[in-house]
Amino acid sequence: MKLSFILNGATVRLDAEPDRRAVDLLREELGALDVKEGCGTGECGACSVLVDGVQKLSCLMLAAQLEGRTVVTAAGLGTAEKPHPVQRAFAEHGAVQCGFCTPGMAVAAAGLLAENPAPAREDIRRAVSGNLCRCTGYVKIIDAVEAAARELAARKGKTEDAR
Amino acid sequence: MPKRHAPSLPPSPPRADALAKALGAERYAFDARPEGCLWAGAFRPGALFGPEGGMAHGRVRGVDTTAALAVPGVLRVLTAADVPGANLQGIVHKDQPVLCGEVLRHAGDPVALVLAESPEALRAGLAALRADIEPLPGVFDPEEALKKGAPQVHAGRKGGNLLLGAVIEKGDARAALKSVPVLVRGEFSTPVQEHAFLETPCGVAQLLPDGALQMTVSTQSPFRDRFEIGHALGLNPFKIRVRAPHLGGGFGGKDGATVQCLLGLAALKAGGRPVRMVWDREESILAGYKRHAVRLRYALGAERDGTLVALSCRVVFDTGAYAHLGSEVMELSMEHAAGPYRIPHVRVVGRCVYTNNPIAGAFRGFGVAQVSPAFESLMDELAEKLGLDPLALRRKNALRHGDENCSGVRLTGSAQLTDCLDAVAAHPLWTTREAWRAGAPAFTRRGVGLAAVFNGMGYGRGLADMAIAKLELTEAGGFLVYNGVPDMGQGNSSAFALLASQELNQPPSAIGLVQPDTEQCLPSGSSSAGRTTYTYGNALLKACAAMRVKLLSRAAMALFCDNLEGMELLPGMVRHRPTGKSLPLAAMAGFLSRDDRVCVAEALMPVAQNPPDTGKSFFIGFPHLLFAYAAHLARIEVDELTGRVRVCDYLAVTDGGRVLHRQGFDQQAQGGVAQGLGYALLEDFRLAEGRILTGDLSTYLIPTALDLPDIASEAVEGCEETGPHGLKGVGEVGLNGPAPAVGAALYEATGARLRDLPFTPERVLTALRKKPRRRRT
Amino acid sequence: MNVLTPRELPELFAALAAPGARVLAGGTDLLVRLRADLRQGRKVPSSLVRLDGLEELCGVAREPDGALRLGAATTHAGLLAHPLVRVELPVLAAALADLGSPPIRNMGTLGGNLCTASPAGDTLPPLMVLGASVELASAAGVRRMALADFITGPGRTRLAPGEIVTAVLAPSAREFAVRHFEKVGRRSALAVAVVSLAALLRLDARGKAVEARLAWGSVGPTVWRCPEAEAALLGQRPTLTALKRAAAVVRARVQPIDDLRASAAYRSEVAGNLLLRLAAL
Ligand SMILES: Cc1cc2nc3c(=O)[nH]c(=O)nc-3n(C[C@H](O)[C@H](O)[C@H](O)COP(=O)(O)OP(=O)(O)OC[C@H]3O[C@@H](n4cnc5c(N)ncnc54)[C@H](O)[C@@H]3O)c2cc1C
Ligand code: FES
Ligand code: FES
């Protein structure tokens, strides 16, 4: 099928098998290697992407389900020059060890903060509870999301002051 | 009071790899996908018959490849007959076929390898393969396997199913145990544990026109892999190049060949095209290495004042179908069997046994995680029997610098377990425990438990624990560290970059890293055994020192200074302070030859001098000299209605020598504890006649963010004289504490000592039923 | 497999009429199963017919009789976010809040949970005590039936070929003073229920139960009810003593099985024990 959707801000158009798994389409056809796969059965969250702003699992989605959507992967959240506050906080607060869960984790965290800018620690735990991390014990991940929330609030405060 | 790091310490600089990983920019072996590559996959018929069927032991009568070869896109189907070389892999003992041609010894054994144009064709090809396998009676219990007439896992093997029997002995434990005033004993068991790293084993390989085989793999041991692959496939190991980019987790499960030999075989038959192999989660659980399940029988004797006198311990290890690292892991178990305590009379007997279960191997806490629940449980029981405070009993017997440990080794290294225990004793989580316990809500019981643990570092005697660091001044005037030990997520490569930046007085941005590549880097051993940062770090310090001297002297020449006095290495330049003359590093790089821009240095971990006269059956590994120590505390809540356990608070106080990077230190402690809590409470690897019942992540459960508390990590300030800037390896010790700490807390909450891991709700509820009334303390 | 995205019901029914066509909602059950089928070389559907192109299958509305109409293709997260669900169907909301994980809740749908008809399906016990019914539609027309009739066994429903669930109709639980749901899993997220209990008690002015509705998940081939235990609670205040008596009835009657996650003995005991929690509410 002819498929068109927005991936990390850019419109992509391609011919794809409608039943291709979204994770394969993103990784193999579109080079979005930041999207990982840890299980293929919805259990680990490594393949998480934001679809229209909502965290979904690209291993349990088919190409056809991306049609017309806006997809954001970890690489679309920020860049080395301008990382997303979540990404910067992950790096600074030691939330990254092997890093294989990290793109999916960052996507989950960014999704949370877009919806709930001031989450409690317990809210953060719940929000990332679909993303397994075998390295960190999650403590620093939760620290990082808290820090990112603070930074976002500070930024917002600044822009409001400027007005 | 131990000196502790003030919380006001400036935050550690972020790890060099962290931001790239958070941006999704880091490339793993999983992400290697060369143009035009083929896909390879193994056919493992023992697992194919669904959860009800399946087979862990059988004679391979034939493989029918016709239907598979007819699948469009399937290029080749290889069987044992196609394997050149010994067709045997293994790290120490080579007993595991790359492809099984005669016997299937566990449910995950492969009998064929499919090469296909696409993952879809590969999947269809694998599904179309048929094997004719005659079932053989299997043996699934290590003690059964030792009985006369038990099915033989390796028919005709001298020694039968006993891979190794060993003794570590000091004094006369048998006699001493007969006369001790107080004796406690118990039988324990610990289960298989799955590594469940997020990145499953994977890699790409290609045969180059000149006959060289090159490979990018998710591996902890690239240098050793060459020999394992070379032996299995009949190749010259020096014509094999292995690269190990950042790993998506390893924890021991990628120490030794996973995909390597299969992938090498595929590449040999791929007509020069690159080949990619990725195990999916199910295959990773089926075919990957696991933590050994162990059965333990203990007796511990003491004086009435709590002084430990004698310990006897028997362990039976289930190594599964192949030796892999069975003997080596058992060695660590036995060496740690008596806990971090001074005990004059010790006798530890171990038997490591083949069965038709999945292959066991290295896992963080390598053998030590299996014994710590037992020795700590007995310490608690002893404390109770003697009416002593459990913390005080441990403190009284804790090993200190200069003591002789239980295998008879004099501890010449740093040993600050007592400081760890003191830190726990002073911590509010411990001092407020009575009040906390009393505040349990309805249907809830609370308990607080502690554990003292340790973990040896390095390979032990008999195998040089060496690393070779290579450092290059680049043409641009920066530096490249050629890392020889894979970074499986513990951050060793970042630590190396940080060390180099400090030693060479250069900004972090001036230090680049080359990740392990057998062609560019130098053999530095595996990423394991808490040795990575210690050994390579020491080598790198030497290389940095040599580089410094080199740069100063070359600059002195160019700046017409006749000695090195007053010469200093500054960011981006060398300066002669007295004259103010300076030379940019980039300029120096321009006139130095490549050879002269490189410094190489090696380091060797010290081993015990005058090793005790025991543990003779261990070819390598016995004994260890240096240990990391820790004291852990767990506060838990038990739900009386369901037996579910919630860990409310956790504290790990670790003696890792000097702390160079506080964040990295805490990462290791928290990560180890997290895996240890999974081991203690959740991870229930289930087998039936060798078939894995928990074959995916919906049945093999590891902790989610909602299952773990905020794990607090503290450090005692110490210094290991032989370590790089005083550091010891802390990668493993954290895993050993949670099971005993939670076990102790459970006893306080339920009045029952649980001796079989994991402490499932079902076991806890059963314990509650037997001890219905709340224990008063 | 072809993947079709109908925009209207007739189009959907036409697509489902094709041989080998299968409904695809959130895919969290179906795609996991298809992956296993592909690995084993088993047959897979010829086409998947998506539900998310049809707006009338999504959302929450009030029916004329006061019940809530929950669109079958509404995601668990969508239901949870809806104030009517949280206020009037708190037992269901509690089950949804613990179902799977955040992304599973963002993808999985109520209709999918019902049609999977797993003994461990988390929405089933709450919907049973609520007395919910399902609305089914096919080219032949629309029909309604009680959820209890719709689910006939593990993985089995009364869904006719070419038929879909369009909505779940759930009466409000507002007049029940005690509204409780608890799932016992092996961990706190991403956990299949080992035992679950949904309970509704209507109390009179003196706090005595005039109606008790109890339903358990994961203790039988499908949701398990225990009229004897419900009867044991009638006329009683939900005190520990009264609940213990009912729990004994439960333990004596329930007939769970052993599986990987727990033994039958554990399930029986906990099925009874969970009632005691009502005393602490
Ligand atoms: C990691 C993970 C965790 C999970 N945890 C839980 C859990 O805790 N509790 C729980 O109950 N479930 C759990 N599930 C199962 C699953 O998520 C739920 O059952 C979910 O509600 C299924 O909905 P779906 O929309 O994804 O269904 P789909 O997968 O799209 O469909 C499931 C089946 O129902 C059919 N179907 C779907 N909708 C309709 C309809 N409207 N009419 C007719 N047929 C239909 C499909 O054809 C298919 O056969 C989990 C699944 C995963 C992968
Ligand atoms: S890969 Fe999608 S959830 Fe694990
Ligand atoms: S950092 Fe390794 S899995 Fe999370």
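Selection of the range C:1-59 for residues being within 8 Å of another protein chain (Cβ to nearest Cβ) and in a helix (DSSP H, G or I) yields C:Leu31, C:Val32, C:Arg35, C:Leu38, C:Arg39. A single entry from C:Leu79, C:Leu16, C:Leu4, C:Leu84 fulfils the requirement of being of a type outside the set (Lys, Arg), open to solvent by less than 10 Å² (accessible area, probe 1.4 Å) and either on the phi > 0 side of the Ramachandran plot or more than 16 Å from ligand 2 (Cβ to nearest atom) (or both): C:Leu79. Does A:Leu132 qualify as being under 21 Å from B:Leu701 (Cβ atoms) and either surrounded by 20 or more Cβ atoms within 10 Å (Cβ to Cβ) or within 8 Å of chain B (Cβ to nearest Cβ) (or both)? In short, yes. Condition (residue is under 30 Å from B:Ala680 (Cα atoms), of a type outside the set (A, V, I, L, M, F, W, C) and out of contact with any Cys (no Cβ under 6 Å at 6 or more places or on another chain)) applied to the range B:223-242: is it met by at least one residue? No, the conditions are met nowhere in the range B:223-242. Filtering the range C:94-106 down to residues that are open to solvent by 10 Å² or more (accessible area, probe 1.4 Å) and touching a helix residue (DSSP H, G or I) at 6+ places or on another chain (Cβ under 9 Å), which residue is farthest from ligand 3 (Cβ to nearest atom)? Here the answer is C:Ala94. When B:Leu540, B:Leu522 are checked against the criterion of being open to solvent by 10 Å² or more (accessible area, probe 1.4 Å) and over 21 Å from B:Glu26 (Cα atoms), a single residue qualifies: B:Leu522. Consider the range B:645-669 and keep the residues that are among the aliphatic types (A, V, I, L, M) and at pLDDT 95 or above. The one that is surrounded by the fewest Cβ atoms within 10 Å (Cβ to Cβ) is B:Val647.
For the range A:27-66, residues that are within 11 Å of chain B (Cβ to nearest Cβ) and of a type in the set (A, V, I, L, M) total 5.
What do you reckon, is B:Leu660 over 26 Å from C:Gly100 (Cα atoms) and either outside any helix (DSSP H, G or I) or of a type in the set (Ser, Thr, Tyr) (or both)? Considered against the rule, which asks whether it is over 26 Å from C:Gly100 (Cα atoms) and either outside any helix (DSSP H, G or I) or of a type in the set (Ser, Thr, Tyr) (or both), B:Leu660 comes out as yes. Give the residue that is nearest to the other protein chains (Cβ to nearest Cβ), with candidates limited to residues of the range B:231-255 that are surrounded by 24 or more Cβ atoms within 10 Å (Cβ to Cβ) and at positive phi. The selected residue is B:Gly249. Scanning the range A:67-78 for residues that are within 14 Å of chain B (Cβ to nearest Cβ) and assigned to a strand (DSSP E or B) yields A:Val71, A:Val72. Residues in the range A:135-147 that are touching a Pro at 6+ places or on another chain (Cβ under 9 Å) and either within 17 Å of B:Gly671 (Cβ to Cβ) or within 16 Å of ligand 1 (Cβ to nearest atom) (or both): A:Gly137, A:Tyr138, A:Val139. Between B:Ser372, B:Ser407, the distinction of being within 25 Å of the chain's Cα centre (by Cα) and at pLDDT below 95 belongs to B:Ser407 only.
For every residue, the table says whether it meets (1) assigned by TED's automatic domain parsing to the domain that holds B:Thr642; (2) more than 21 Å from the chain's Cα centre (by Cα); (3) closer than 30 Å to B:Leu569 by Cα.
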{"site": "B:Val448", "(1), (2), (3)": "yes, yes, no"}
{"site": "B:Lys470", "(1), (2), (3)": "no, yes, yes"}
{"site": "B:Phe496", "(1), (2), (3)": "no, no, yes"}
{"site": "B:Gln520", "(1), (2), (3)": "no, yes, yes"}
{"site": "B:Thr532", "(1), (2), (3)": "no, no, yes"}
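A residue that is surrounded by fewer than 23 Cβ atoms within 10 Å (Cβ to Cβ) and of a type in the set (D, E, K, R) can be found somewhere in the range A:54-74. Can you confirm whether the range A:43-52 contains a residue that is in contact with a Phe, Trp or Tyr (Cβ under 8 Å, 6 or more places away or on another chain) and within 14 Å of ligand 2 (Cβ to nearest atom)? So far as the range A:43-52 goes, yes, one or more of its residues are in contact with a Phe, Trp or Tyr (Cβ under 8 Å, 6 or more places away or on another chain) and within 14 Å of ligand 2 (Cβ to nearest atom). B:Gly695 - would you say it is more than 8 Å from every other protein chain (Cβ to nearest Cβ) and either over 21 Å from B:Ala739 (Cα atoms) or surrounded by fewer than 24 Cβ atoms within 10 Å (Cβ to Cβ) (or both)? So B:Gly695 passes the test. Put simply, of C:Val223, C:Val192, C:Val219 the only residue that is within 16 Å of ligand 1 (Cβ to nearest atom) and within 14 Å of chain A (Cβ to nearest Cβ) is C:Val192.
Summed over the range A:79-96, residues that are assigned to a loop (DSSP other than H, G, I, E, B), at the interface with chain B (Cβ under 7 Å from one of its Cβ atoms) and open to solvent by less than 10 Å² (accessible area, probe 1.4 Å) total 2. When each of B:Arg364, B:Arg394 is tested for being assigned by TED's automatic domain parsing to the domain that holds B:Ala630, modelled with pLDDT of 95 or more and not in a loop (DSSP other than H, G, I, E, B), the lone residue that passes is B:Arg394. When A:Glu67, A:Glu92, A:Glu81 are checked against the criterion of being acidic (Asp, Glu), farther than 30 Å from C:Ser47 by Cβ and more than 16 Å from ligand 3 (Cβ to nearest atom), A:Glu81 stands alone in meeting it.
The values are calculated or read from the model by the stated rules, or taken from the named source; none is laboratory data. Treat the numbers as computed from the prediction; the structure is a model and nothing was measured. Neighbour counts run over all protein chains shown; Cβ positions are idealised from the backbone, glycine included. The accessibility values were calculated without ligands, DNA or RNA, using every heavy atom of the protein model including side chains. Shrake-Rupley method; radii C 1.70, N 1.55, O 1.52, S 1.80 Å.
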